[in-house]
Amino acid sequence: MVVLNKKNIYKYGKDIEYLNELYKLITIKKHQLKHIEILECLDASILDEKQKYIIVDAYYKFYKHFTGRNSSVLSKYNYDIVNKSSHIEPLTKDKTKDLFNYDELNTILDTLTDSEYMLLYLILKIGVRNTDTLTFYNNTHSDIENYFIYEDDKLLFIRNRYKNYKKYGKLIIEITDERFKEYINKLPINTFIFKNRNGDMYDARTIALKLNRIITFNGSLLFNRRVLMGQAEIFKELETKYKDDVEYLNIIYKQRPNMDKIIKV
């Protein structure tokens with residue numbers, strides 16, 4: 001977890017006033033703090049809900065800048081503020097982020113080739129997380145890796161490692177998309193799917209950065225809008241697109257997986 005201190009605040013170079021305010025409020029002096037500890041210090045302050053919202057929003061962007069990660073703790077905190085106070089509504093509307101909808105993302109996908117196509121396809125069509133895409137193209141089965149393998153002419157995407165894999169076990173889905181199969185067939189057997197010029201597998205942060213670049217660069221060319229989207233925001237657009245198709249949503253939730261949502265729908 002990135003440390004909230006003066007050095008990192010000024011290295012980040014944005015929202016300095018708000019981040020300094022938060023830093024002053026921290027009463028627990030540790031090298032690293034959990035998000036919940038930071039929020040407890042904020043709650044103990046005399047700041048109103050609007051000020052808390054702005055500060056947490058600034059801290060969340062600071063955190064994502066250095067880690068490339070999302071935080072359900074921080075997002076839920078501000079979500080709860082919005083639900084509790086009608087006075088915050090104008091602020092949240094002002095802060096609404098410009099995003100591409102599902103159809104626009106699908107248009108971007110159609111312009112891509114090879115590894116870029118495969119990456120956005122997995123995120124947009126199957127709804128997987130960045131870490132799920134750390135994969136191999138195999139000709140033998142494994143109980144450790146995430147990989148693609150052909151069985152009886154069917155291309156299977158098999159995941160042994162993903163969020164909550166200890167709870168839900170191995171996940172298997174068939175990839176039927178012909179373009180995806182065309183691109184993966186170009187790869188040598190027993191090789192990484194997403195790799196750098198040295199042939200080393202990307203890590204989750206590099207995948208996130210590559211995804212951001214694909215969306216930003218190609219979206220700018222197609223729609224003349226500079227939009228930065230990560231896998232969580234893309235997944236929300238996928239949910240919105242198929243919000244009335246319960247059967248399809250269940251398929252997606254099983255692949256993410258998100259069993260609680262399956263029960264709700």
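The values are calculated or read from the model by the stated rules, or taken from the named source; none is laboratory data. Quick caveat: nothing in here was measured; it's all calculated off a predicted structure. Every residue, glycine as well, gets a Cβ built from its backbone with ideal geometry; the counts of neighbours run over all protein chains shown. For the accessible areas, the whole protein counts, side chains as well, though only heavy atoms, and no ligand, DNA or RNA atoms are used. Shrake-Rupley method; radii C 1.70, N 1.55, O 1.52, S 1.80 Å.
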For labels at Tyr248 and Ile26 in the simple 7 Å Cα→Cβ model, what's the distance in nm?
4.4
Can you list residues from other chains, or at least 5 along the same chain, whose modelled amide H is less than 5 Å from the amide H of Lys195?
Tyr202
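Rounded if a/c is under 1.5, else prolate if a/b is larger than b/c, else oblate: which is the chain, with a ≥ b ≥ c the root eigenvalues of its Cα gyration tensor?
Details: a/c = 1.89, a/b = 1.77, b/c = 1.06.
Note, shape of the chain comes out prolate.
Within the range 159-245, what whole-number % of the accessible surface is contributed by carbon and sulfur, with the 1.4 Å probe and all protein chains included in the calculation?
Numbers: 2550 of 5260 Å².
Of the solvent-accessible surface of the range 159-245, carbon and sulfur hold 48 percent.
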Could you list which residues have their amide H under 5 Å from that of Ile175, counting only those 5 or more apart in sequence or on another chain, with H placed in the peptide plane?
Leu155, Leu156, Phe157
Grab the beta carbon distance between Glu239 and Val3, set R0 = 45 Å, and tell me the FRET efficiency rounded to 0.05.
0.85
Summing +1 for each Lys or Arg and -1 for each Asp or Glu, what net charge is found among the other residues whose Cβ lies under 12 Å from the Cβ of Arg179?
-3
Shape call for the range 141-265, from the Cα gyration tensor axes a ≥ b ≥ c (a/c under 1.5 means rounded, otherwise prolate when a/b beats b/c, else oblate), comes out oblate
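At 0.36 nm per residue, minus the direct Cα-Cα distance, what do Arg226 and Asp103 gain on full extension? Give it in nm, one decimal, please.
Details: separation 123, 0.36 × 123 = 44.28 nm, distance 1.64 nm.
Result: 42.6 nm gained on full extension.
Under 11 Å from the Cβ of Arg225, count the other residues' Cβ atoms, weight Lys and Arg +1, Asp and Glu -1, and hand me the total. Provide the component values of the computation, followed by the final result.
Values: positive: Arg226; negative: Asp98, Glu104.
Spelling it out: positives minus negatives among the neighbours equals -1.
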Using each residue's phi in the range 118-135, evaluate 6.51 cos²θ - 1.76 cosθ + 1.60 at θ = phi - 60° and report the 3J(HN,Hα) Karplus result to the nearest Hz, with x for Gly and Pro.
4, 5, 5, 4, 5, 6, 7, 8, 9, x, 7, 8, 4, 5, 5, 7, 6, 10
Each residue of the range 223-237 in order: what ³J(HN,Hα) in whole Hz does its phi give by Karplus 6.51 cos²θ - 1.76 cosθ + 1.60, θ = phi - 60°, with x for Gly and Pro?
10, 6, 9, 8, 10, 10, 9, x, 5, 5, 6, 5, 5, 4, 5
Pick out, in residue order, every one of the trypsin sites (Lys or Arg not before Pro) in the range 1-70 that is DSSP loop and has at most 12 other C-beta atoms within 10 Å; say none if there are none.
Lys14, Lys29, Lys30, Lys34
In Hz, Karplus ³J(HN,Hα) per residue of the range 184-191 (6.51, -1.76, 1.60; θ = phi - 60°; x = Gly, Pro)
6, 5, 6, 7, x, 5, 6, 10
Aspartates and glutamates within cross-link reach of Lys181: Cα-Cα under 15 Å, excluding same-chain residues under 8 positions apart?
Asp110, Asp114, Glu116, Glu151, Asp152, Asp153
List every residue whose amide H lies under 5 Å from the amide H of Arg161, counting only residues 5 or more places away in sequence or on a different chain, with H placed 1.01 Å from N in the peptide plane.
Asn146
Over the chain, with neighbouring protein chains present, the accessible area per residue in Å² at probe 1.4 Å is 56
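With the Cα gyration tensor of the range 1-52 giving a ≥ b ≥ c as the square roots of its eigenvalues, does the rule (a/c under 1.5 for rounded; else a/b larger than b/c for prolate; else oblate) give rounded, prolate or oblate?
Working: a/c = 2.12, a/b = 1.19, b/c = 1.78.
Since a/c reaches 1.5 but b/c is at least a/b, the shape of the range 1-52 is classed as oblate.
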Among trypsin sites (Lys or Arg not before Pro) in the range 92-179, those in a DSSP loop whose Cβ has at most 10 other Cβ atoms within 10 Å are Lys97
